[in-house]
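Heads up: the structure comes next, in structure tokens.
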Amino acid sequence: MNKTLTKSQVEKVDGKLLEYSVVKHISAYLKNLDYDILHEVPNMGQSVDIVGKKGRWLTFIEVKIHNWNRAFEQCKTHELVADFIFIGIATKKVSEQLIIKAREKGYGIIHFNPDNGLCEFIVKPSLNKKVWLPQREVLLSKIQNIKKYGCPTLDDVWNIR
Amino acid sequence: MTFGTFAEQRYFIYPDKNTYDGIIFNANMVMHAPSGLAAFLMEKTREKMPYIIDPLTHAFQHDPSVITAKKKDGTSEIKAPIKNLANVYGGPIETFVGTKPVQPKDFGDKRVLKDFVYNVLKFQKEYLSNLMADSDVNKKYLEHTEEDLKPYCLVAPYFYMTESTYNLWLPIIVDALKISKEFDEFSSCKIFSSIVVSQGVILDNDIVDRINEQLQATSADGFLLWVDGLEEYNAGRVELRGLLKLSTGLRNNFSREVINLHGGYFSILAGGGQFNHSYLTGVAHGPEFGETRAVVPVGGGIPIAKFYIPKLHNRVKYNDALTFFSYKNWLVDAPTFYKNVCNCPECRAVIGGDITNFRLYGITDSKPVKRGSGFVTIDYPTKETKEHCLKHYLQIKKVEYQFASTKTRKELLDNLQQGIDEYVDITGMDYLSYLQNWITVLSSY
């Protein structure tokens, strides 16, 4: 996205849904479920779209409006630190292939329905047992710093007025 | 090793002062900080460390935007060291710098070319050696003459050649080499040229043959070799064979030196002498960076902490390295890591018996960075992280050079195959295809 958008403009551009909107809707959904939400959390050279913290559990969500295969590449790194991993998707229909691949990997799927604006868990994730604890400690300390000193909000990230 | 910045100067004696056979400086750096470089050579490297000054004459054949920098007021000006270099080189370089690229026809007049060659060689021979000879440390303790302190070789003016321009530039390069040999003043010096070509050149056997034929007919003592942006990790077999065909021709029955300015482990193997001949007599790179480089700078990019995996002979992003090692269960304790990944002094120092310290190869600071019209938070490796990665890299590189020149052909090929065998289950074969390409190409020599 190259130009600054107002909030009213942001949901769709040229009839196409924006990743920003999907991140916003999924974040709101998770907040309602008592997740503590952070956006664009840096993790080993990558940036996680949504990190949800609930109690001692860390949930990572990579949001895609298309090319969900790319999410699997990104999630590989998340396996070193996250307890649960989701792919957030906003296609009209959730691909059967995506469901099969996510189940294989133990990732969950959150679907945002662009027609009615509702979010829904399509696949439940498994508890990730590949966490390397020293790296998770590094991430937790980074999250603490972000909370302490602040970080760009979702609107900052996408430059929304 | 190629000198990049003064911040890296302490690594030219790391792991020890005899690790490196020589240092390569770019002429613009020499022009920018001659006293600092003279002091570096006299005080921070081993005594009489061989060095080469790359005259960087190709810089003047590109669009002037390549050699200009933007000022605060938005206007552009020629970078000061480049401008000073142009003034020293004189002729068409001085006339056109910053306004238009020089062209082959600008050197059509033999007197113009002769003056240019003389200025370029004189600069290399004297600019640092005079300062080194005049330094306090030399006067008080070493008492070397300027002749003792001259560069390892002088590099005749050269230009970048592509498939479509080699026929225009090659005659100039050949003439410059011949003229270089005519000056009595430089007769005590080895005369090299620098062969800087596009990847398209090494893909065309006819062009490689023509370049080799014409350069073999000169009395050059050696060559620097640089293939624009060639990444040995992404290169196909045809490109790798093209590189060796060019270097073999330049070696001229293995009688001349050829130093690859930007090479990785494939070049190190090709130069080690275990595949019938040494196709290269030297391989250079920077401290951690510089195994590949584009002729025209394209900017630095975001530094990512990378861990050199010895078995893969490649720098790998920290998160990928961590994924690989975690999958293989090599992060369970320090002895397992030392046995399966790396046992170098830097890894032993960083890990110190506690495997959780492997994370120190990936510690970053996060900073918000403007990206397009928004912001993203990006991880930057800390100074300590960069130093750990760099020292580990240099430790392994030292081992690689020794390994390539002392092990048998079979042992070297087996080592590459081991890399494939040990990592293929986690990376897949596509990721490792470069190792298979290296095996296939080197096996045929």
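Restricting the stretch B:373-427 to residues that are assigned to a helix (DSSP H, G or I) and among the small types (G, A, S), the residue that is nearest to the other protein chains (Cβ to nearest Cβ) is B:G419. Consider B:K339 carefully, then state whether it is surrounded by fewer than 18 Cβ atoms within 10 Å (Cβ to Cβ) and part of a strand (DSSP E or B). For B:K339, the condition - surrounded by fewer than 18 Cβ atoms within 10 Å (Cβ to Cβ) and part of a strand (DSSP E or B) - is not met.
Hey, any hits in the stretch A:18-30 for a residue that's in a strand (DSSP E or B) and modelled with pLDDT of 90 or more? Quick ask: steps written out before the conclusion?
Kept after step one, since they are in a strand (DSSP E or B), are these residues of the stretch A:18-30: none.
Checking the stretch A:18-30: not a single residue is in a strand (DSSP E or B) and modelled with pLDDT of 90 or more.
Among residues of the stretch A:36-65 being out of contact with any Leu (no Cβ under 8 Å at 6 or more places or on another chain) and small (G, A, S), the one that is farthest from the other protein chains (Cβ to nearest Cβ) is A:G55. Here's a check for you: in the stretch B:387-434, which residue that is closer than 22 Å to B:G271 by Cβ and of a type in the set (S, T, Y) is surrounded by the fewest Cβ atoms within 10 Å (Cβ to Cβ)? Among residues in the stretch B:387-434 that are closer than 22 Å to B:G271 by Cβ and of a type in the set (S, T, Y), the one surrounded by the fewest Cβ atoms within 10 Å (Cβ to Cβ) is B:T408.
Any chance the stretch B:341-364 includes a residue that's within 14 Å of chain A (Cβ to nearest Cβ), small (G, A, S) and within 28 Å of the chain's Cα centre (by Cα)? Checked the stretch B:341-364: at least one residue is within 14 Å of chain A (Cβ to nearest Cβ), small (G, A, S) and within 28 Å of the chain's Cα centre (by Cα). Considering the stretch B:221-316, the qualifying strands (runs of 3 or more DSSP E), each wholly inside and each with 2 or more residues that are within 30 Å of A:P42 (Cβ to Cβ) and touching a helix residue (DSSP H, G or I) at 6+ places or on another chain (Cβ under 8 Å), run over B:306-309. Here A:E62 fulfils each of the conditions (1) without any contact (Cβ under 8 Å) to a residue 40 or more places away in the chain; (2) buried (at least 19 other Cβ atoms within 10 Å of the Cβ); (3) in a loop (DSSP other than H, G, I, E, B) apart from (3). The strands (runs of 3 or more DSSP E) found wholly in the stretch B:22-112 and carrying at least 1 residues that are assigned by TED's automatic domain parsing to the domain that holds B:K125, among the aliphatic types (A, V, I, L, M) and surrounded by 13 or more Cβ atoms within 10 Å (Cβ to Cβ) occupy B:23-26, B:51-54, B:76-78.
The values are calculated or read from the model by the stated rules, or taken from the named source; none is laboratory data. Every value quoted in this text rests on a predicted model; they were computed, and no experiment measured them. Neighbour counts run over all protein chains shown; Cβ positions are idealised from the backbone, glycine included.
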